[in-house]
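Take a look at the structure set out below.
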Amino acid sequence: MAIARNLPLNGRSLDWPAQTRLLGDLAARAGIIVLFSMMAVRFGFDFMETGRVTGLFLLLSETIVVVLTLVRRAAVTIDRSMKARLLTLISIMGPPLLMPGAAAALAPELITVLMSIAGLSIVIAGKATLGRSFAVLPANRGVVSSGIYRIVRHPIYMGYLLTHAAFLIASPSLFNLTTLLVADAALLARAVCEESTLALDPEYRSYQSRVRWRVDPGLF
């Protein structure tokens, strides 16, 4: 029995490298969905038991990641290096591993809710501007420089950091602190890695010259 060497896609066949990339992309999307599902169950039970809503804002932020991962457009240029893959994996796996804690919050929930709303608003504004140009691995899916991208080059990451800080204040634990330190360090390194790919585009280099800061004005 003959074995097909190419997988059809839209009436065309793919060579083996293209097949590998396609299967890898499908596996990445499936992995993100599994991690998100586990997070949704854990945070949902915590809300029903405690009534705390800070974690739900973090969950909503991650929901947007899942949706845009599934509908993102094809990349013009993409970094498939091991470094890029590891940074992406570590930064994405952090939030789904967080555990709503039994320890007392470090601040009233009103404060963490307001922080979460601010962070989520930044994430939504960034992703609304970015649209289907959202990427998981460092990639060029079109240069976006309008809206909130006029302030910093990676506003979505700024929103992530704010929602992460809010959750850590609401659910302080050594595990959550360690997880977020590692994940967010990878997130910042990922921003630098992304720019090495995006900077291959003259349009992005022009954008870099106009918008100085990557994530946080005055800091990074």
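Read the figures in this text as sums done on the coordinates, not as results from a lab. These numbers were taken from a predicted model, which means no experiment stands behind them. Here the Cβ positions follow ideal geometry from the backbone for every residue, glycine too, while neighbour counts run over all protein chains shown.
Can you tell me the order of 208-214, 154-160 when each peptide is scored by its average per-residue count of other Cβ atoms within 10 angstrom, highest first?
On the way: 208-214: 12.9, 154-160: 24.6.
The peptides rank, most packed first, as 154-160, 208-214.
In order along the stretch 105-110, the phi-based Karplus estimate (6.51 cos²θ - 1.76 cosθ + 1.60, θ = phi - 60°) of 3J(HN,Hα) comes to 5, 7, 8, x, 4, 4 Hz; Gly and Pro are listed as x. A simple spin-label model places the labels of Val211 and Ser145 1.0 nm from each other, with each point 7 Å out along Cα-to-Cβ. The gain in end-to-end length when the Ser121 to Met93 segment is fully stretched comes to 7.9 nm, 0.36 nm per residue minus the alpha carbon separation. Amide H contacts of Ile78: Asn140, each under 5 Å away and 5 or more positions distant or on a separate chain (H built 1.01 Å from N in the peptide plane; Pro and chain starts excluded).
First measure r as the distance between the Cβ atoms of Val66 and Val182, then evaluate 1/(1 + (r/R0)^6) with R0 = 22 Å and state the FRET efficiency to the nearest 0.05. Each step should come with its number before you reach the end.
Details: r = 21 Å, r/R0 = 0.97.
E(calc), rounded to 0.05, equals 0.55.
The simple Förster model, with R0 at 22 Å and r as the Cβ-Cβ distance, assigns Ala199 and Asp25 a FRET efficiency of 0.40. When the square roots of the Cα gyration tensor eigenvalues are ordered a ≥ b ≥ c, the ratio a/c for the stretch 85-131 is 1.5 or more and a/b does not exceed b/c, which makes its shape oblate. Shape class for the stretch 15-210: prolate, because the ratio a/c of the largest to smallest gyration tensor axis (alpha-carbon atoms, square roots of eigenvalues) is 1.5 or more and a/b beats b/c.
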